[in-house]
Amino acid sequence: MKKRTILLTILTVCFSVFAKADDDKHRLHLARQLSIYNNIIKELNLFYVDSIMPEKMINRSIDAMLHYLDPYTVYYPEDKNEELMMMTTGKYAGIGSVIRFHTEKNTTVIAEPYEGMPAYKAGLRAGDLIWAINGKSIKGMSTDSVSDMLRGEPGTLLTLEIEKPGKKGRTDVIIERASIAMPAIPYYGIQNGNVGYILLESFTDNCSKKMRNAIIELKKEGAESFIIDLRGNGGGLLNEAVEIVNLFVPKGKTIVTTKGKTKQANETYKTLNQPIDTVSPIVVLVNQETASASEIVAGSLQDLDRAVIIGSRTFGKGLVQSTRQVSYGGYLKLTTAKYYIPSGRCVQALDYSHMIDDGRTSRLPDSLTNVFHTAAGREVRDGGGIRPDIEPKSEELSTLLYYLVRDMAVFDFATEFRLDNDSIASPEEFTISDEVYADFAVFLEEKGFTYDLQSAKMLKELKKMIEFEGFASITKEEIENLEKKLHANLDHSLKHFKKDVKYIIADEIIKRYYGNKGGIIHSLREDTDLQEAFSILNENERYRKILSPVK
């Protein structure tokens, strides 16, 4: 026993010596590389034929370096700190409006001013063109550049040169910047008689308190079950996700465990408060854009058998980021850990540690994922996001719809419609009549709208391959017939995709009268995931069966 103890002691000392040697070697190697980098910058600054603009060059080299780690490790210099703050708090200082670049006009257009915010108060509406900011032309500028110009300290003034639809000439509008807080929950309400629907768009400061208030209010209005919509929610603060899960599960439950390189990165997050509802049926809606903190909520409620998950497989981001202040007021947001939800699984889909030289990495195949179990014994898997309990069949969007939105044809039509119509029916009732749809077809014709069919593009590539392989002469007639049939026929496409096109027109028009909230209400009317959720919540036996282990 004594010999064994001595042997273990010797081995421990050896391992410690080897580990220290490796650390020293690593530090020496790092110091050498930093010295090389520093010397190169100095030599360039002294001898390069033109000015090298060191700040711009070094910032680009930092971005390139971090790119090969993962997409979430990002450096924010002092002048970009506002972007980081907006990500974590949902707040920024500006005019409070969504803007877009209008290709045809070659300038920026107001797409959606937030009600009650500076742009809206100053009379700006969707469709207004911005030509200059504080006397400087923004013609041809990217929306990122324009956005930077619109933001600034709260209380400061800026002058916008605006052209309003249907009016001749341009006018100057003076706007006072203000702190803009994006709502984490832009809409909640009773649906289908007794179902409380909550749309949660981000995990920012205090969103769990807002969620609590929404649930309490919906209960007062008669909600007997809940739908939490996390579709398109890219995540945010981890502690807020834990707090939201805590609203529905008992105190003392482990929700998330993080594991990283340092002691600070290794942490266990448990529910610390008494829940407000542990019995009402819950459905969580997810899609491929549901990520990070959203996956913690959806995955934890699934692992604890507290909710049925409906939609498509989530993004698969199982990484945790922390922020560290660096020199001269900058911040580094870096990945410090992976997170694991109650069953013990990590949902990370991409392995960035095996990224190839061009920055690409592969998704973990399902065959290599591992089986875990929920509290009730249901099988769930790691790697590759959260797999829903139910995946309704989703319809593929047509090429036509893509171009109608991209080229702002629907946007411009809605602008003209708003000029000609003082009011419309409520978001719950408004529809596009055949007469308005016919007007839209005429509008497209006058606008000279055209689009490319993806099938026609693929046929063009096929034709090249046929010619390369020597089959052009014997397939000429068939190819020519296909080319004629696949020529983009706008009238045919508008008839074939009439229902979908009417939907996107109605959505854009409704937002002109009722804002973002009206658009959300309209979008729920024909939502297949939502209809499936109603079906589940109306069938208690089916709901319970989904959450029970397979025998």
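Okay, which of the stretch 264-281 sit inside 20 Å, backbone N to the point 7 Å along the Cα-Cβ direction of Ile390?
Residues passing the 20 Å test: 279-281.
Helix-derived [θ] at 222 nm for the chain: sum -39500 (n - 2.57) over DSSP H runs of at least 4, divide by residue count, nearest 500?
Numbers: 17 runs with 229 residues, N = 551.
Per the formula, -13500 deg cm²/dmol.
Which entry in [x] 1.56; [y] 1.01; [z] 1.16 matches Cα Rg over 2.2 N^0.38 Å derived from the coordinates of this structure?
[z]
At q = 0.27, 0.29 Å⁻¹, what log₁₀ I(q)/I(0) does the stretch 417-473 have when each alpha carbon counts as one equal point scatterer in the Debye sum?
Each listed q maps to, in turn, -1.08, -1.13.
Local charge sum around Arg177 (other residues, Cβ-Cβ under 14 Å, Lys/Arg +1, Asp/Glu -1)?
On the way: positive: Lys91, Lys121, Arg151; negative: Glu82, Asp148, Glu153, Glu176.
Summing Lys and Arg as +1 and Asp and Glu as -1 gives -1.
Report, ordered by chain and residue number, the aspartates and glutamates lying within cross-link reach of Lys253, taken as a straight Cα distance under 12 Å and ignoring same-chain residues fewer than 8 apart.
Here the aspartates and glutamates satisfying the reach criterion relative to Lys253 are Glu243, Asp303.
Once R0 is set to 30 Å, what does the formula 1/(1 + (r/R0)^6) return for the Cβ-Cβ distance between Ala376 and Glu224, expressed as a FRET efficiency to the nearest 0.05?
On the way: r = 22 Å, r/R0 = 0.75.
With a Förster radius of 30 Å, E is 0.85.
Rounded if a/c is under 1.5, else prolate if a/b beats b/c, else oblate: with a ≥ b ≥ c from the C-alpha gyration tensor eigenvalues square-rooted, which is the stretch 326-429?
Working: a/c = 2.33, a/b = 1.64, b/c = 1.42.
Taking the square roots of the gyration eigenvalues as a ≥ b ≥ c, the stretch 326-429 is prolate.
Take the Cβ-Cβ distance between His496 and Thr323 as r, set R0 to 51 Å, and report the resulting FRET efficiency rounded to the nearest 0.05.
Details: r = 50 Å, r/R0 = 0.98.
The computed FRET efficiency comes out at 0.55.
In debye to the nearest 20, how big a dipole does the chain give about its Cα centre with +1 on each Lys and Arg Cβ and -1 on each Asp and Glu Cβ? Mind showing how you got there, number by number?
Working: 71 positive and 77 negative charges, 534 e Å.
Dipole about the Cα centre, nearest 20: 2560 debye.
Which residues' amide hydrogens lie under 5 Å from the amide hydrogen of Ser97, considering only partners 5 or more residues apart or on another chain, with H built in the peptide plane?
Tyr114
Given a 1.4 angstrom probe, I'd like the percentage of the accessible area of the chain that is carbon and sulfur, rounded to a whole number. Could the numbers behind the result be given before it?
Details: 16850 of 31730 Å².
Carbon and sulfur: 53 percent of the exposed surface of the chain.
Could you give the length gained by full extension between Arg170 and Glu478, i.e. 0.36 nm per residue of separation minus their alpha carbon distance, to one decimal place?
On the way: separation 308, 0.36 × 308 = 110.88 nm, distance 5.48 nm.
Contour length minus the Cα-Cα distance gives 105.4 nm.
Give the distance, in whole Å, between the Cα centre of the stretch 228-284 and the Cα centre of the stretch 381-456.
One Cα centre to the other: 36 Å.
Could you compute the FRET efficiency for Asn239 and Lys105, with r as their C-beta to C-beta distance and R0 at 41 Å, rounded to 0.05? Please report the intermediate quantities before stating the final value.
Values: r = 44 Å, r/R0 = 1.08.
According to the calculation, E is roughly 0.40.
Take Ser137 and Ser535, extend 7 Å from each Cα along the Cα→Cβ direction, and tell me the distance between the two endpoints in nm.
5.7 nm
Tell me the chymotrypsin sites (Phe, Trp or Tyr not before Pro) within the stretch 265-348 that lie in a loop according to DSSP and have at most 10 other beta-carbon atoms within 10 Å.
On the way: sites: Tyr269, Phe315, Tyr328, Tyr331, Tyr339, Tyr340; in loops: Phe315.
Qualifying residues, ordered by number: none.
Rolling a 1.4 Å sphere over the protein heavy atoms, what is the accessible area per residue of the chain, to the nearest Å²? Don't skip to the end; give the middle numbers.
On the way: 31730 Å² over 551 residues.
Heavy-atom accessible area per residue stands at 58 Å².
Going by average Cβ neighbours within 10 Å, how do the peptides 246-256, 44-54 rank, with the highest at the top?
Details: 246-256: 18.5, 44-54: 9.5.
Ranking, from highest mean packing down: 246-256, 44-54.
Checking the cross-link filter: which lysines have an alpha carbon closer than 25 Å to that of Lys91, excluding same-chain neighbours under 8 positions apart?
Output for Lys91: Lys80, Lys121, Lys209, Lys210, Lys317, Lys333, Lys511, Lys517.
Quote to one decimal, in nm, the extra length available between Met465 and Asn516 on full extension: 0.36 nm per residue of separation minus the C-alpha distance between them. Mind showing how you got there, number by number?
Working: separation 51, 0.36 × 51 = 18.36 nm, distance 4.77 nm.
Once the chain is fully extended between Met465 and Asn516, it gains 13.6 nm.
Among Val442, Leu419, Ile474, whose Cα lies farthest out toward the positive end of the dipole of the stretch 410-478, if unit charges sit on the beta carbon of Lys, Arg (+1) and Asp, Glu (-1)?
Result: Ile474, furthest along the dipole toward the positive end.
Between Glu428 and Thr528, 0.36 nm times their residue separation minus their Cα-Cα distance comes to what? Working shown, then result.
Numbers: separation 100, 0.36 × 100 = 36.00 nm, distance 1.63 nm.
Going from the current span to full extension adds 34.4 nm.
What list of ³J(HN,Hα) couplings, whole Hz, do you get for the stretch 382-394 from phi and the Karplus terms 6.51, -1.76, 1.60, once you set θ to phi - 60° and write x for glycine and proline?
8, x, x, x, 8, 8, x, 6, 9, 10, x, 6, 9
The values are calculated or read from the model by the stated rules, or taken from the named source; none is laboratory data. Remember, predicted model here, so these are calculated numbers, not experimental data. When we count neighbours, we look across all protein chains shown, and the Cβ atoms used for this are built from the backbone with ideal geometry, even at glycine. Heads up: the accessible areas ignore ligands, DNA and RNA and are worked out on the full protein's heavy atoms, side chains in. Shrake-Rupley method; radii C 1.70, N 1.55, O 1.52, S 1.80 Å.
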